[in-house]
1. So what does log10 I(q)/I(0) come out to for chain B at q = 0.12 Å⁻¹, using the Debye formula with one equal point on every Cα and no solvent?
2. Under a point-charge model restricted to the Cβ atoms of Lys and Arg (+1) and Asp and Glu (-1), what is the dipole moment magnitude of the protein assembly as shown relative to its Cα centre, in debye to the nearest 20?
3. At a threshold of 8 angstrom on Cα-Cα distance, excluding pairs fewer than six apart, so keeping six or more, what relative contact order does region A:105-251 reach in percent?
4. Can you find, among C:Val279, C:Tyr27, C:Ile125, the residue farthest towards the positive end of the dipole of chain C? Put +1 on the C-beta of Lys and Arg, -1 on that of Asp and Glu.
5. Trypsin sites (Lys or Arg not before Pro) within region C:1-51: which are DSSP loop residues with at most 16 other Cβ atoms inside 10 Å?
6. Could you size up the charge dipole of region A:165-295 around its Cα centre, putting +1 on the beta carbon of Lys and Arg and -1 on that of Asp and Glu, and report it in debye to the nearest 20?
7. Residues of C:79-88, mean number of Cβ from any other protein chain within 10 Å of their own Cβ, rounded to a whole number?
8. Take every Cα pair under 8 Å in chain C that's 6+ residues apart, average their separations, divide by the length, and report that relative contact order as a whole percent.
Amino acid sequence: MVDIDRVGGVLMRIKLVLILILVFSSTALADYRETFEKEFVNKPWVGSKVVEEGVCVDCHTSDVMKPDYLGIPQEWKMSIHYENKVSCHDCHGGNPSDSAVSCGTPHSGFVGIPKYKEVPKMCGKCHIGILKQFNDSKHGKALMTSGRGPNCVTCHGSHKIQKANMNIINKVRCTRCHSYKRAKIMKQALFMTEKRISDINHSIRQLRSSGASTEKAKKMLFRTEAGFRTLFHSVDVSLVKGRTAGFSRKLDVIEGMIADIYKEIRFRKNFSAFLFLLFASLAISAYFIQKNNKN
Amino acid sequence: MKRRKFLKTLLAFFSTATLVTIAYPAVRFLSPLKKKIESKKLVINRNEIAAGTAKNMIYQNEPIVVVHDLTAGFLAFSRVCTHLGCLVNYNGEEKRFICPCHAANFNLEGNVISGPAPKPLVRYPVLVKGENIVIG
Amino acid sequence: MFERTRQWIEVRLGIKEIIDSGLREFYLPRGAGFSSTLGAVALVAFLIQAISGIFLLMYYIPDTAHAFMSVRIIMNKVPYGWLFRSIHMMGSNIILAVLFLHLVVTFYRISYKKPRELTWISGAIMFFLIILFCISGSLLSWNQLSYWSTTIVTYIPTLIPGIGGRIAEFIRGGQYVSGSTLNRFFAFHVAFLPFTLVCMAAFHLFFIGRTGFSTNPGSSPEGDSEPQSVYKREINANGMPFYPDYLLKALVLVMVYLASIFFIMTFFPGLFQPELATVQADPAMTPDVIRPPWYFLAPYQIVKLIPNKFLGISAILILVFIFVFWPFIDGVNERNISKRPLLRVIFILSITVWLILTVWGGY
């Protein structure tokens with residue numbers, strides 16, 4: 001038996017040394033994490049985006065590119081388009097999986113910088129509802145006839161495109177062409193509805209994280225929001241004002257749906273709280289019974 | 001002894017309450033799901049929709065579109081785009097449903113032709129009974 | 001009438017006799033307290049998982065196209081589906097805490113000494129089985145969080161040189177986590193693991209029934225003069241009877257366990273469901289931050305920290321080996337931890353290192 005004890009003692013010391021090695025190596029090589037994650041993220045399972053990034057981004061981040069265009073991939077990666085997997089060829093055309101594409105060769109079907117007047121057409125490939133409103137608007141007509149009106153990029157920028165918000169309508173931007181007076185009236189007309197939309201959006205996010213099914217409310221909100229914003233592109237205050245009531249009714253419906261979900265969540269909370277109290281009482285009474293039993 | 005009896009009664013009481021509180025949800029959970037679509041069908045006159053056109057309407061709180069196609073006959077689809085939920089419109093010339101938000105295109109079977117939509121449109125059964133069309 | 005029915009059953013089954021001879025006269029050592037009931041709590045916790053799991057099975061669809069939706073339907077359409085799913089989900093996390101406490105108590109009391117080595121080994125195996133339960137179960141809800149954490153967890157075996165890639169492919173049923181992974185994990189979760197775990201638990205209980213509960217060396221030291229080759233059951237004649245004293249104690253902790261499930265469900269419903277868990281799994285969309293589930297952070301951090309892949313995976317395998325066969329590695333016979341400073345250092349150090357690695361891995 002003495003032998004076993006001795007062997008055991010030795011093994012225990014070995015284990016201790018092993019643990020110590022682990023601890024020390026971990027503190028000494030903390031920056032290994034970075035390489036590890038880099039390698040991990042470069043695995044092919046990261047998804048189809050890799051193809052696109054390889055073809056367009058490789059040249060656009062390399063030294064042969066004009067400095068002005070070097071930042072484009074980085075800007076794009078900060079945009080809502082990137083978030084939703086809209087990549088270069090969706091707007092600029094061309095075939096990213098074409099093996100003939102290389103730096104310096106013009107790719108087939110590729111559109112670089114569109115002409116100033118052509119920008120709405122490019123964006124309108126997807127945003128067709130907005131394009132229609134815009135073409136009929138004073139902005140759109142000015143662009144088409146004189147070529148001096150605003151296009152999409154004037155307000156939304158290019159590449160680093162964010163989800164639009166009310167602050168896009170501001171004094172600096174609007175007064176580049178006309179007085180801020182009318183723009184301000186428009187902004188006021190939009191304000192209440194926009195605020196309600198963002199409040200509902202906030203509630204939906206909150207509800208979603210508590211596990212509730214918000215899919216339907218979310219879709220309804222999206223189409224209401226999209227409809228309202230499409231309408232705005234007519235830049236016609238009286239039109240916006242006239243149809244605000246209709247949007248407001250739709251928002252009422254969504255708010256009703258959300259109120260129902262909140263009610264359901266409250267019920268769940270109360271129900272599980274009740275069960276918690278029951279089990280806590282059971283625990284307490286069982287505790288006293290076993291205490292009593294001992295005496 | 002009295003104390004012991006009291007405690008036992010208390011335990012029995014709480015146990016019964018707990019059992020009931022668990023048993024009720026269990027029974028509800030296991031009972032068959034109620035179908036709320038109680039054969040509430042939508043009936044319209046076939047003359048309401050001319051050949052080659054479509055009509056938007058509401059069916060069970062859901063916006064739908066009923067198409068009268070010359071070859072395919074009467075078809076009914078949900079108008080809610082499967083991408084983000086905008087309402088698609090029927091384009092009679094191209095025989096397509098087009099979403100105004102991000103240009104998702106669906107054909108007359110409801111399948112995605114182009115655009116960002118992940119799934120086909122939801123289709124509703126249509127029955128032509130003489131002069132009437134029954135949806136649902 | 002009631003008395004006669006009881007009599008009828010008693011004559012045929014002899015329940016009273018079983019209770020009297022098997023349970024009332026099964027004595028625990030005198031010092032046995034609540035800490036001796038943790039195993040029983042773990043057993044009940046497992047039963048709760050099994051029952052709630054069977055409930056979920058009635059609506060769950062193990063298919064990539066429907067898995068996420070079916071879970072959502074359970075949560076929102078099926079009456080009280082949320083209740084059973086939440087119990088299952090909260091339980092799966094808290095059961096690990098119970099097991100961990102059970103483990104710590106057993107280790108601290110050095111209860112794994114002869115003749116209970118096999119009890120420890122079967123318990124250690126069950127600990128890993130429960131972790132496998134958690135891993136395979138989390139993928140079943142097919143959301144972004146579970147998809148990508150499974151990707152990471154199944155990445156760990158690829159570190160084994162040579163056959164590592166094959167092992168990972170074998171686990172996933174392909175190169176990536178996909179529909180076949182889901183089906184494998186489903187079969188594993190609902191058929192293989194429950195069966196294996198029940199077998200292991202039966203062994204575990206059999207060993208306990210044979211050797212009796214271990215004493216708490218701190219409060220009642222036991223004589224150690226018997227040679228190892230002779231079987232001796234501890235009688236503890238003046239100890240605590242299994243029924244009703246021990247079972248009442250266990251009942252208290254079981255109720256505390258259930259109360260804590262519902263406490264978390266009431267006040268922190270989203271504790272184990274971050275926002276990523278509300279999005280359907282999308283193999284083409286890698287989230288910004290991907291990390292394994294919390295109980296896997298420590299080994300993941302070890303793999304990440306050790307610069308050589310082979311060393312990293314070896315370290316983990318060695319640690320697992322040491323853990324499972326610890327009763328044979330620790331050869332000193334002294335069972336009172338206050339007389340074994342080195343073991344105490346190991347005890348505290350391994351818990352601290354594990355905690356540090358877990359927190360560290362969380363960043």
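1. Per q value, in the given order, log10 I(q)/I(0) is -0.58.
2. Result for the protein assembly as shown is approximately 2600 debye, rounded to the nearest 20.
3. Answer for region A:105-251 is 24 percent.
4. Looking along the dipole axis, the top candidate is C:Tyr27.
5. C:Arg30
6. That gives a dipole near 480 debye.
7. 5
8. 29 percent
Rule-based calculations on the coordinates, nothing more; no lab input. On a predicted model such as this, the values are computed, not experimentally measured, just so you know. No Cβ is skipped: glycine too gets one built from the backbone with ideal geometry, and neighbour counts run over all protein chains shown.
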